[in-house]
Amino acid sequence: MKILYFTSTGNNLYISQKLGGELLSIPKLVKNNEFDIQDECVGIVFPVFFANSPKMLREFLKKVNIKTDYLFIITSYGSDGDQNALRIMIETLQNRGIHVNYANSVLMVDNFLPMFDMAEEKKIKKDEDIDAQIESIKEDIDLRKDFRLSKKMFTDIPNIEDVLEKTMISKFHISVSEDCTNCQICSRVCPRGNIAFADEKPVIGENCEFCLGCVHHCKNNVLTINDEKNSSERFRNPHIKLSQIIKSNNVLT
Ligand SMILES: Cc1cc2nc3c(=O)[nH]c(=O)nc-3n(C[C@H](O)[C@H](O)[C@H](O)COP(=O)(O)O)c2cc1C
């Protein structure tokens, strides 16, 4: 089994590890121009971004060739929009002649800082509930079940994902405080390799995925986003180390 995953704060790497098999980071596949994936069973594991999948994953899906007997897609989300993200991905793959056998989602900590307080999220999203969801999905996949989530879409606004992405991304911006120590972790966790340095301070380029990895993993918490719920609290999946995020996302080396 091969699992293609995208993560910024570790939730999707955690799911992928629990499901098992060979784990392939999507930013690394893109960097290495590897678009031919073949295995008896293939999975794509990704976060919901604005009721859709991350931009980088959508671009990857336009190029990837998947040859498999069984394809599953799993999305982790924090509040809603999972069904919309799965539906879009199923349609996108279908249009490329790739059939999705199984689609499901896992409710986890919502890392979207402008809308959620990480301290509160960590309290309410319990490890045992998360593990139970993943375990149940793993059983389904082991049995090669045919299944798609059929929850009602959270809104009937057409193309809500485009509206959300445009309005949200234009509304929020990331700032760097004077206390930056030039540790450069932000650039090593950026899946786009989009952070350069000038005068020993990070400068975010035009190609931002808005995954917030740079903000969450900053060791001195000097990166912030406007209108955060709680600027002192950050999130990384408690089972995932910073070095694993860097290994997944550092496209600079
Ligand atoms: C830019 C952005 C947009 C997001 N949009 C949604 C959303 O529409 N619905 C939702 O339930 N969660 C949303 N989330 C939360 C993530 O999907 C969730 O926290 C996910 O588990 C993070 O996975 P990761 O730790 O592997 O990066 C968003 C997160 C980010 C950074």
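The values are calculated or read from the model by the stated rules, or taken from the named source; none is laboratory data. Just so you know, these numbers come straight off a predicted model, no measurement behind them. Heads up, the Cβs are rebuilt from the backbone with ideal geometry, glycines too, and the neighbour counts pull from every protein chain shown. Calculation scope for accessible area: heavy atoms of the full protein, side chains included, ligands and nucleic acids excluded. Shrake-Rupley method; radii C 1.70, N 1.55, O 1.52, S 1.80 Å.
Which Cys residues of the chain have no other Cys beta carbon under 4.7 Å away?
So far as the 4.7 Å Cβ criterion goes, CYS41, CYS180, CYS183, CYS190, CYS208, CYS211, CYS218 stand without a partner in the chain.
Determine by what factor the alpha-carbon radius of gyration of the chain differs from 2.2 N^0.38 Å, reporting the quotient.
Details: Rg = 17.6 Å, N = 253, 2.2 N^0.38 = 18.0 Å.
Against the compact-globule rule of thumb, the ratio is 0.98.
Which of the lysines could a cross-linker span from LYS219 if the Cα-Cα distance has to be under 24 Å and same-chain partners fewer than 8 positions apart are dropped?
LYS28, LYS122, LYS123, LYS125, LYS201, LYS229, LYS241, LYS247
What is the percent of Cα-Cα separations in the stretch 11-69 that go past 19 Å? Could the numbers behind the result be given before it?
Details: 543 of 1711 pairs.
That fraction is 32 percent.
Relative to the present Cα-Cα distance, how much length would full extension add between HIS99 and ASN182 at 0.36 nm per residue of separation?
Details: separation 83, 0.36 × 83 = 29.88 nm, distance 4.56 nm.
Net length gain for the segment: 25.3 nm.
How about the stretch 79-180: which chymotrypsin sites (Phe, Trp or Tyr not before Pro) there lie in a loop by DSSP and see at most 14 other Cβ atoms within 10 Å?
Values: sites: TYR102, PHE112, PHE116, PHE147, PHE154, PHE172; in loops: PHE112, PHE116, PHE154, PHE172.
Counting only loop positions with at most 14 other Cβ atoms within 10 Å, the chymotrypsin sites (Phe, Trp or Tyr not before Pro) in the stretch 79-180 are PHE154.
To make sure I understand the rule: partners must be aspartates and glutamates, Cα under 15 Å from the Cα of LYS2, and not fewer than 8 residues away in the same chain. Which ones qualify?
Within the straight-line cut-off, LYS2 pairs with GLU22, GLU34, ASP36, ASP39, GLU40, ASP69, ASP142.
Taking springs between alpha-carbon atoms closer than 10 angstrom, which of ASP140, ASP179, ASP117 fluctuates most in the Gaussian network model of the chain?
Of the options given, ASP179 has the highest mean-square fluctuation.
Carbon and sulfur together cover what percent of the accessible area of the chain at a 1.4 Å probe radius?
Numbers: 5680 of 11800 Å².
Its accessible area is 48 percent carbon and sulfur atoms.
Explain nothing, just the number: relative contact order of the stretch 2-148, from Cα pairs under 8 Å at least 6 residues apart, as a whole percent. Intermediate results must be reported in sequence, preceding the final value.
Numbers: 230 pairs, mean separation 30.7, N = 147.
Across the stretch 2-148, relative contact order equals 21 percent.
Exactly which trypsin sites (Lys or Arg not before Pro) in the stretch 158-253 are in a DSSP loop and have at most 16 other Cβ atoms within 10 Å? Mind showing how you got there, number by number?
On the way: sites: LYS166, LYS171, ARG188, ARG192, LYS219, LYS229, ARG234, ARG236, LYS241, LYS247; in loops: ARG192, LYS219, LYS229, ARG234, ARG236, LYS241.
Hits after loop and neighbour filter: LYS219, LYS229, LYS241.
In deg cm²/dmol and to the nearest 500, what is the mean residue ellipticity at 222 nm of the chain if only DSSP H runs of at least 4 residues count, each as -39500 (n - 2.57), divided by the residue total?
On the way: 10 runs with 91 residues, N = 253.
Taking each H run of at least 4 residues, the total per residue is -10000 deg cm²/dmol.
So for ASP82, ASP146, what's the accessible-area order with a 1.4 Å probe, most first? Write down the numbers at each step before the final one.
Values: ASP82 0, ASP146 110 Å².
The ranking, largest first, comes out as ASP146, ASP82.
Multiply the residue gap between ASN220 and LYS123 by 0.36 nm, knock off their C-alpha separation, and tell me the result in nm, one decimal place. Before the final figure, lay out each step's value.
Details: separation 97, 0.36 × 97 = 34.92 nm, distance 2.26 nm.
Value of the extension gain: 32.7 nm.
Counting Lys and Arg as +1 and Asp and Glu as -1, what is the net charge of the other residues whose Cβ lies under 12 Å from the Cβ of THR253? Kindly include the intermediate steps, with their values, before the conclusion.
Working: positive: LYS28, LYS31, ARG188, LYS247; negative: none.
Net charge in that neighbourhood comes out at +4.
Excluding LYS67 itself, calculate the net charge of residues whose Cβ lies under 13 Å from the Cβ of LYS67, where each Lys or Arg counts +1 and each Asp or Glu counts -1. Before the final figure, lay out the partial values.
Values: positive: LYS2, ARG96; negative: ASP36, ASP39, GLU40, ASP69.
With Lys, Arg at +1 and Asp, Glu at -1, the neighbours total -2.
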